[in-house]
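A short worksheet on the structure shown next.
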């Protein structure tokens, strides 16, 4: 089947400890931030708490929460972000001052700030004196048609198992439901990842609830069986416009389940951005009615 080799890409700046990826179009929103992962140790059983959420672009999860003393804030839940983030306007309203540092996106670095939130609450999840990054979410908000005030990342979400029921629009914290399909995930230094097989190639993908679709890095397409398409588009992130293309994977398997063919957006990145990752796995690959994250057993479960 057709196979295309990636074009060469130039080397960008060495990334800082914190990295951010945001790509937006009518059917793609991906957020990824690098930080410290704190989900590996076993924890005592926690009470189950259930809260409602709104779904955007079918699979993006937005809940209402509190940032500092600001109530009714819209929070995007994103397993592909670490650490969590708040919008620049929220930081200004709270009068927060922090340390300037570069925020390294997949395509370039931009100036940003690291601040300490006195308090953050999302349902039963509450963190005090939480270190977060400040970012401009205006492009995300426009793309979703909803104001986004913060992104709750894996540094907070990894504190407890949780289950997302897309049919009921409810998320349950403190439990990982038993689902029909399961696949093991790996806790890396910053993210959780799964392997997706495409033809004879294993793709190492970040599990990203903040990305509704499959995203592949152009520099990692070597050896992947795919059908090129003529689709091109422009998305947006904190650095401005971002161009992307699209390919189709004729076959894709996650665990023992065949989920292909899959359409994937293709983006160019800095050469040293998350060099062990081939891309991001949004939940549309699974088409789940319900999905669960079991951090103790490191299992991703879903029902279709």
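The values are calculated or read from the model by the stated rules, or taken from the named source; none is laboratory data. Note that the coordinates shown come from a computational prediction; the quantities given were computed from them, not determined experimentally. All Cβ positions, even for glycine, are placed from backbone atoms using ideal geometry, and neighbour counts span all protein chains on display.
So the values come out like this:
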| read-out | value |
| --- | --- |
| Residue that is modelled with the lowest pLDDT [pool: residues in the range 285-304 that are farther than 15 Å from residue 174 by Cα and surrounded by fewer than 19 Cβ atoms within 10 Å (Cβ to Cβ)] | 304 |
| The lone exception for residue 216 - which of (1) in a strand (DSSP E or B); (2) closer than 18 Å to residue 287 by Cβ it fails | (2) |
| Answer from 151, 90 - the residue that is buried (at least 18 other Cβ atoms within 10 Å of the Cβ), closer than 25 Å to residue 206 by Cα and at pLDDT 90 or above | 151 |
| Condition met for residue 223 (without any contact (Cβ under 8 Å) to a residue 60 or more places away in the chain, more than 18 Å from the chain's Cα centre (by Cα), farther than 27 Å from residue 155 by Cα and outside the structural domain of residue 58 (by TED's automatic domain parsing)) | yes |
| For residue 117: the one exception among (1) assigned by TED's automatic domain parsing to the domain that holds residue 294; (2) buried (at least 20 other Cβ atoms within 10 Å of the Cβ) | (1) |
| Test: residue in the range 134-146 that is surrounded by fewer than 24 Cβ atoms within 10 Å (Cβ to Cβ), under 16 Å from residue 81 (Cα atoms), more than 18 Å from the chain's Cα centre (by Cα) and not assigned by TED's automatic domain parsing to the domain that holds residue 282 | no |
